[in-house]
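Here's the structure, in structure tokens; my notes come after.
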Amino acid sequence: MAVVFERPKALSDVPFHYCPGCTHGIVHRLVAEVLDELGVVGQTVGVASVGCSVFSYNYFDCDMVQAPHGRAPAVATGLKRSLPDNVIFTYQGDGDLAAIGMAETVHAATRGENITVIFINNAIYGMTGGQMAPTSLPGQVTQTTPYGRDTSVAGHPIRVCELLSTLSGTALAQRVTVDSVKNVNIAKKAIKKGFENQINKRGYSIIEVVSTCPTNWGLSPQEAMKWLQDNMLEYYPLGVYKDVTAEGGNK
Ligand SMILES: Cc1ncc(C[n+]2csc(CCOP(=O)(O)OP(=O)(O)O)c2C)c(N)n1
Ligand code: SF4
């Protein structure tokens, strides 16, 4: 019988612990499919961060390092510089990348570190119970903004791709989501481009995936996907913010 669906080789045979409706699992699969297609699993080192995806080191069947507290880009820098022929990626949430890890992120990008960054923006701190993240939307109710995020007190959400696209060392800054088959396919292409950039030594690539956290948003999986579509995509428009391979360089 023809095989129509199977687990990517780059994923271990370990069940995910993610909540129902959480998009971490979809993105894990896309990264694994890309590693399989590029034939680089045996030479890849992933860097897990803090947050729900800390356990990604159990799921990706390549070498993994865990870098707490936003230091994933710094650890990835060291790995890539000492192992230039290996493929190095980080997998980071918005609390990790855009709060405690923002300095490392900006400096790795501006140095043009030749790494691939998978950035999961679910507008909240998932693992620790739903506190406000730098990416939480204006008015969004979280554990630490029970009356909604007041931008006059808590500031405005950070648009990471727009910010990093201004830096010379950034090769690719693209925002995608995984709310439909069409968008899953676009997301996979972007992730593949991010890894191909690294193989071709083009510099820092970031793929931001607008994601769900049904558990901490207090919504069902279906409601969460609709909330993402109705609220997040307006503040975080999908698209390519910088692509050095595009005609004319930047966009
Ligand atoms: C310096 C520091 N502050 C706080 C924490 C606690 N902490 C662990 S995970 C996390 C939230 C991570 O959220 P995010 O990166 O958005 O990932 P998610 O769980 O939503 O996937 C926090 C605050 C920590 N580990 N270190
Ligand atoms: S708490 Fe949120 S981010 Fe974490 S696994 Fe559950 S749905 Fe996903």
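What net charge do the residues around T128 carry, taking every other residue with its C-beta under 13 Å from that of T128, with Lys and Arg at +1 and Asp and Glu at -1?
-2
Cα centroid distance between the range 1-48 and the range 136-214, in Å?
Between the Cα centre of the range 1-48 and that of the range 136-214, the gap is 20 Å.
Taking 22 Å as R0, compute the FRET efficiency from the Cβ-Cβ separation of Q143 and F16 and round it to 0.05.
Here the calculated transfer efficiency is 0.35.
At 4 °C and a viscosity of 1.567 mPa s, what translational diffusion coefficient does Stokes-Einstein give for the chain, taking Rh as the Kirkwood radius over Cα pairs? Give it in µm²/s as a whole number.
Numbers: Rh = 18.0 Å.
Approximately 72 µm²/s, per Stokes-Einstein.
Where does the range 63-157 land on Rg(C-alpha)/(2.2 N^0.38 Å)?
Ratio of Cα Rg to 2.2 N^0.38 Å: 1.22.
What does the charge add up to near E196, with Lys and Arg as +1, Asp and Glu as -1, over the other residues with Cβ less than 11 Å from its Cβ?
For residues surrounding E196, the net value is +4.
Can I get the semi-axes of the range 147-251's equivalent ellipsoid? Compute them from the C-alpha gyration tensor as square roots of 5 times the eigenvalues, in angstrom, largest first.
Equivalent ellipsoid semi-axes, largest first: 28, 18, 10 Å.
Could you please report the charge total around G42, scoring K, R as +1 and D, E as -1 over all other residues with beta-carbon less than 15 angstrom from its beta-carbon?
Every neighbour counted, the sum reads -4.
So for D96, D150, D61, fewest C-beta neighbours within 10 Å to most, what's the order?
D150, D61, D96
Would you mind ranking F60, F5, F55 by Cβ crowding within 10 Å, fewest neighbours first?
F5, F55, F60
Taking the Cβ of each residue in C213, C62 as the centre, tally the other Cβ atoms inside 10 Å and list the residues starting with the fewest.
Ordered by Cβ neighbours within 10 Å, fewest first: C62, C213.
FYI, it's all coordinate maths here, none of it is from the lab. Predicted model, so just to flag it, every value in this text is computed and none were measured. Glycine also receives a Cβ, built like all others from the backbone with ideal geometry; neighbour counts cover every protein chain displayed.
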